[in-house]
Amino acid sequence: MLEEKTVTLNMGPQHPATHGVLRVVLELDGETVVKVRPVIGYLHTGIEKTMESKLYYHALPATDRMDYLAPMSNNLGYCLAVEKLMDIEVPEKVKWARACLAELTRVNSHLVWLGTHAIDLGAMSMLLYAFRERELVLDVYEACGGQRMMTSYIRIGGLAHELPKDFDKKVLKIVKVVRERLNDYEKLLTDNEIFINRTKGVAVISAEDAINYSLSGPMLRGSGVKHDLRKANPYSGYENFDFEIPVGKNGDAYDRYLLRLEEIRQSLRIAQQAIEGMPEGPYRAHVPGVVLPPKEDILYKMESLIFHFKIITEGFQAPFGAVYQAIESPKGELGFYISSDGSNKPHRVRVRPPAFVNLAALPRLVEGSLFSDVVCAIGSIDIVLGEVDR
Amino acid sequence: MGLEEKIPDSIILTQLDKMVNWGRKWSIWPFGFGLACCAIEMMSTFASHFDLARYGMEVTRASPRQADLMIVAGRVSVKMAPVVKTLYEQMPNPKWVIAMGACASCGGVFNNYAIVQGVDRIIPVDIYIPGCPPRPEQLMDGILKLQEKIGKESLKDRREEWGRRAV
Amino acid sequence: MEEKVRSFLNSSFGEAIIKEDNFRGQQSFYIRPEVLVPICQSLLENGELDVRFLADITSLDWLGHEEEKNGRFELVYNLYSLSHQYRLFLKISLSGDNPRIDTLTPLWEGANWLEREVYDMMGIWFEGHPDMTKILTPDELEGHPLRKDFPLTWEQPQFSWNKDQPPEVVK
């Protein structure tokens, strides 16, 4: 006779709703999900092994390509870790500029998240609006570093070049424009009945489970745990800024959506304070033998030329030891553990990927609910496969 | 179609060629195979600032059975290579492939055990676009060159024997 | 906070702690592999220290430096206290042939995928893990890529003068 069995369905590596090459193997009983198993590794690049065979400077562009939606925060994490290892103190202006760029990166990443999450749930126009706002931020990136996405503008010891002349005008324009348009997006989605039905009560995780699964970032804050590395262990001048940390209540997808919108607003607030209070000073620390001298000095001074040549070809010797530096990237806690064995190449660079650890909680979020909640949950975790697979 | 190979070379066939090519190149349906960072620049190209719909690519199909052009955007890892080949074989003729970015053209920045050094080791590629990632204008330039290339095709070509062809 | 952690660990597990280190302000303890689970259990239960967050599990390969490091592999557990905002490290040295250690999945669910990645990339087996399989590398790849004796396998790039020869793989 007919017997009831579960169906195994494969949401394959190529799928319009999986934000990249993620494969999810589902066991379904009708429309209810019984078991879910994410399979990753389709974008594994061996970045950690590549960075072991290059000098500290040459390994910097590889960090851009991991979380490719927030490239400047990866650079920032790596440079802070190397500066901690070599005990370099950067000037004040560099700290404020780095904080401003990191906050613009957060706006960039959250806008892309908003666009892709909304189009997964059916709201197509949100994608076009989000990418239109993103062009303003990419304009700033191009003025700073010459490239739209992988700028590698934040270097060891400071920045790559001097900040562009109209940097403050551009950033203030972004702050003004995105602040107004956020209200439009709220009108589109926040009180929308379809959006509320698809996200309220979906992909719920409680606070103890979130700490047990080592979640971080908006996943952890959405469940009520008020933990943000910018306030807990401040880095790169964040103690000078005045901002709040939004916290959710229920831990479902709707709370995380409201939380990320509020994070965009706080980021714009920090960027505005950074521009208004930016101190004067050099754009690079002066540590001969470790930090590259400014390009203009090479034409006039012999020592700068020698140091430049030596640092690019041979690098600098790092002391024996290991450091860990964590920053608050848009996805969560991004940490770099750099271990050195005394030579000029890193012995081991470990990247603690927030998206990888957050994705491990997918079975917990989804088992027992309906099939269309899987798509909502994957979007709500905010994964970037380049960081999950490295 | 097997019929056009049996028709002898004549002027009617070249006019038919022009008409068919005109129809094909202005209504390509891309199958956006976005893998990594280049996929974000591809999405930017399809969005409103650098609108690609004005060149006829209004509709991006998610299924390979309904698509014409496969834009391999991003790095192809060794685990993903069989999937790429399966998807290419599922696409019906006529089909074209654009390798977008340095990683899809030649392995790019990553020269190690885990990345296939260029997607043309697995599938035949028509247009290569350099850049890491290429700007939206570069992608549009590549697509326009592909349209020129389609304009020079003929119905009598045997599509199954296509390999790497010079423009 | 540093003093509190040191006194707590020395009082309960004094003989199992080999060394304590403080490099650039980071407190780390070198411990024996057998006491890993009891130490983590007692840190979890201690309400005053409140070390409840497992941030990361890292593995290192010290091929060539085995004498000074007492073993080829080193495992680093990265623990964090949310209420005191304090980070501490537990480091363990394992020998080169057949490295095994107990799993932390009964205590923290987040250790599941982190340990799978350490097994895949470095080859350290975790006893008692529910699903010890490869997670990142393809199934055909044998060996553990992040070990120092696994070659990077980079190919010579093809220029116009050697385009007819197949690319040679340099190890």
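Read-outs: derived from the displayed coordinates by stated rules, not from any lab. Model, not experiment: these values are computed from the prediction. Cβ: placed from backbone, ideal geometry, glycine included. Neighbour counts: every protein chain shown.
Between A:ALA143 and A:ARG37, what's the calculated FRET efficiency when r is the beta-carbon distance and R0 is 41 Å? Round to 0.05. Display every interim value, and only then the final one.
Working: r = 45 Å, r/R0 = 1.09.
Efficiency computed from Cβ-Cβ geometry: 0.35.
On a straight-distance basis, which lysines could pair with A:LYS310 in a cross-link, Cα separation under 30 angstrom, same-chain partners fewer than 8 positions away excluded?
Within the straight-line limit of under 30 Å, A:LYS310 reaches these lysines: A:LYS49, A:LYS54, A:LYS84, A:LYS93, A:LYS95, A:LYS295, A:LYS301, A:LYS345, C:LYS148, C:LYS171.
Taking a ≥ b ≥ c as the square roots of the eigenvalues of the Cα gyration tensor of segment A:281-348, is the shape rounded (a/c under 1.5), prolate (a/b larger than b/c) or oblate? Don't jump to the answer; show the numbers that get you there.
Values: a/c = 3.30, a/b = 1.59, b/c = 2.07.
Since a/c reaches 1.5 but b/c is at least a/b, the shape of segment A:281-348 is classed as oblate.
Expressed as a rounded percentage, what relative contact order does chain A have, with Cα pairs under 8 Å and six or more residues apart?
26 percent
Given the C-alpha centroids of segment C:1-21 and segment C:99-171, what is the distance between them in whole angstrom?
The distance from the Cα centre of segment C:1-21 to that of segment C:99-171 comes to 34 Å.
Among A:ASP382, A:ASP252, what is the fewest-to-most ranking by other Cβ atoms within 10 Å? Before the final figure, lay out the partial values.
Numbers: A:ASP382 27, A:ASP252 22.
Least to most surrounded, the residues fall as A:ASP252, A:ASP382.
Assuming a viscosity of 0.692 mPa s and a temperature of 37 °C, what translational diffusion coefficient in µm² per second does Stokes-Einstein assign to the protein assembly as shown, Rh being the Kirkwood radius over Cα pairs?
120 µm²/s
To the nearest whole number, what is the average tally of beta carbon atoms from other chains within 10 Å of the beta carbons of peptide C:116-122? Please report the intermediate quantities before stating the final value.
Details: counts 1, 5, 0, 0, 2, 6, 0.
Other-chain Cβ atoms within 10 Å of each residue's Cβ, averaged: 2.
Tell me which GluC sites (Glu not before Pro) from segment A:75-142 have a DSSP coil assignment and no more than 15 other beta carbons within 10 Å of their own.
A:GLU89
Cα centroid distance between segment A:1-70 and segment A:340-375, in Å?
Using only Cα atoms to place each centre, the spacing works out to 10 Å.
Would you kindly calculate the translational diffusion coefficient of chain A, applying Stokes-Einstein with the Kirkwood radius from alpha carbon pairs, for 37 °C and a viscosity of 0.692 mPa s, and quote it in µm² s⁻¹ without decimals?
The Stokes-Einstein estimate is 149 µm²/s.
Can you sort B:CYS38, A:CYS376 from fewest to most other Cβ atoms within 10 Å of each residue's own Cβ?
In increasing order of surrounding Cβ atoms, one gets A:CYS376, B:CYS38.
Looking at the protein assembly as shown, what % of its DSSP beta bridges pair antiparallel, to the nearest 5?
75 percent
Enter the mean number of other protein chain beta carbons within 10 Å of the beta carbon of each residue in C:137-148, as an integer.
If you average over the peptide's residues, the count of other-chain Cβ atoms is 4.
If you count, for each residue, the other Cβ atoms within 10 Å and average over each peptide, how do C:92-104, A:205-217, B:128-140 line up from highest to lowest?
Sorting C:92-104, A:205-217, B:128-140 by mean packing, highest first, produces A:205-217, B:128-140, C:92-104.
Please give me, ordered by residue number, the trypsin sites (Lys or Arg not before Pro) of segment A:208-297 that lie in loop per DSSP and have at most 16 other Cβ atoms within 10 Å.
Taking segment A:208-297 and a limit of 16 other Cβ atoms within 10 Å, the loop trypsin sites (Lys or Arg not before Pro) found are A:LYS226, A:LYS249.
Based on the Cβ-Cβ distance of A:VAL7 and A:ILE306, what FRET efficiency does E = 1/(1 + (r/R0)^6) give at R0 = 56 Å, to the nearest 0.05?
Calculated value: 0.25.
Only counting other Cβ atoms within 10 Å, I'd like A:ASP341, A:ASP389, A:ASP228 sorted with the fewest neighbours first.
A:ASP341, A:ASP228, A:ASP389
Which GluC sites (Glu not before Pro) in segment A:232-270 pass both tests, a DSSP loop state and at most 13 other beta-carbon atoms within 10 Å?
Values: sites: A:GLU239, A:GLU244, A:GLU262, A:GLU263; in loops: A:GLU244.
The qualifying sites are A:GLU244.
From the helices alone, meaning DSSP H stretches of at least four residues, give me the mean residue ellipticity at 222 nm for chain A, per-run term -39500 (n - 2.57), in deg cm²/dmol to the nearest 500.
-14500 deg cm²/dmol
Calculate the mean, over all residues of peptide A:61-70, of how many other protein chain Cβ atoms lie within 10 angstrom of the residue's Cβ.
3
Could you state the number of Å between the C-alpha centres of segment B:19-80 and segment B:81-145?
Distance between centres, Cα-based: 12 Å.
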